[in-house]
Every structure is written in C-alpha cells, then in structure tokens.
C-alpha cells in the first residue's frame with residue numbers, strides 16, 4: 001500500500017513539473033485547438049488565425065509539438081499563394097508520432113483564410 005502511495009505522489013509530481021514548464025499535454029492542446037476552430041471564419045487574416053489559435057505547446061515523448069504543428073506553402077494553379085497551417089486536433093495513440101491525420105488544416109490564400117479541413121485542402125489540389 002505504501003508503494004502505491006509513493007507511486008501516486010511521484011506521478012503527481014511529474015505532472016506538476018510538466019505544467020510548470022509551460023507545456024500542455026497533447027490531449028489538452030488538441031482539445032483547445034478543436035474548440036478554437038469554431039471561431040474561424042473565411043476571410044480572416046493569417047495573423048488573426050495565429051492570434052486566435054495561440055502559441056501553446058505540448059510536450060510528448062518525441063519532443064515539443066508547436067502550434068501550429070507544421071506549415072507548408074505552395075503556389076496554386078492560378079498563381080495564388082497558399083499556406084497550410086496544421087493544428088493538432090486529435091490525440092495520438094500511445095507510442096505513435098504526431099502526423100497530419102491528427103491535425104486540422106487551415107488553408108490561407110493570399111494572406112486570408114480560404115477554408116479549413118479536408119474539403120478545403122481537396123478543393124485546391
């Protein structure tokens with residue numbers, strides 16, 4: 001019984017230390033991002049998106065997950081400049097790395113929100 005008590009205290013200490021470092025858990029980051037997506041609107045500026053989504057980070061076994069997790073840029077067929085901002089919105093399975101399937105993409109066209117999610121990315125490919 002005493003060993004169980006020590007183990008619980010140790011787990012709480014580790015969790016508390018992670019919180020003091022300023023990092024969220026991946027699950028907390030995903031939940032926060034999911035809620036913020038509801039506030040997006042087409043035509044918002046990229047800076048408004050970055051401000052809305054925030055700059056929280058999550059600490060995982062593989063390292064730090066930034067917000068946005070990754071950014072890609074390209075020029076569309078029509079010559080428009082696109083950026084895709086990937087925000088983690090789903091928690092990964094234990095012992096698996098973060099990947100695009102866990103993220104929701106926000107598509108920025110010429111500095112403004114064009115759309116988000118799979119349909120937005122499919123419409124420009």
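Determine the relative contact order of region 24-124: mean sequence separation of Cα pairs under 8 Å and six or more apart, normalised by residue count, in whole percent.
Taking the mean separation of contacting Cα pairs over the length of region 24-124, I get 27 percent.
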> So how do 62, 78 line up by other beta-carbon neighbours within 10 Å, fewest first?
Replying inline: 78, 62
> For the pair residue 52 and residue 38, how long in nm is the line joining their label points, each one 7 Å along Cα→Cβ?
Replying inline: 1.3 nm
>> Suppose each label sits 7 Å from its Cα in the direction of the beta carbon; what would the residue 110-residue 75 distance come out to in nanometres?
In response: 1.5 nm
> Suppose R0 equals 25 Å; then what is the FRET efficiency for residue 66 and residue 124 from their Cβ-Cβ distance, rounded to the nearest 0.05?
Replying inline: 0.60
>> Using a 7 Å offset from the Cα along the Cα-to-Cβ direction at both residue 99 and residue 45, what is the distance between the two label points in nm, to one decimal?
In response: 3.7 nm
>> Given bins 5 angstrom wide, list per bin the percent of all Cα-Cα distances in region 39-115, short to long.
In response: 3, 15, 25, 22, 16, 10, 6, 2, 0
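Fewest Cβ neighbours within 10 Å first, please rank 81, 23 accordingly.
81, 23
Rank these for me by crowding, 99, 77, 90, going from fewest to most other beta carbons within 10 Å.
On the way: 99 11, 77 7, 90 15.
Going from least to most buried by this count: 77, 99, 90.
We did not get these values from a lab; they are worked out from the coordinates using the rules stated. Quick caveat: nothing in here was measured; it's all calculated off a predicted structure. Glycine also receives a Cβ, built like all others from the backbone with ideal geometry; neighbour counts cover every protein chain displayed.
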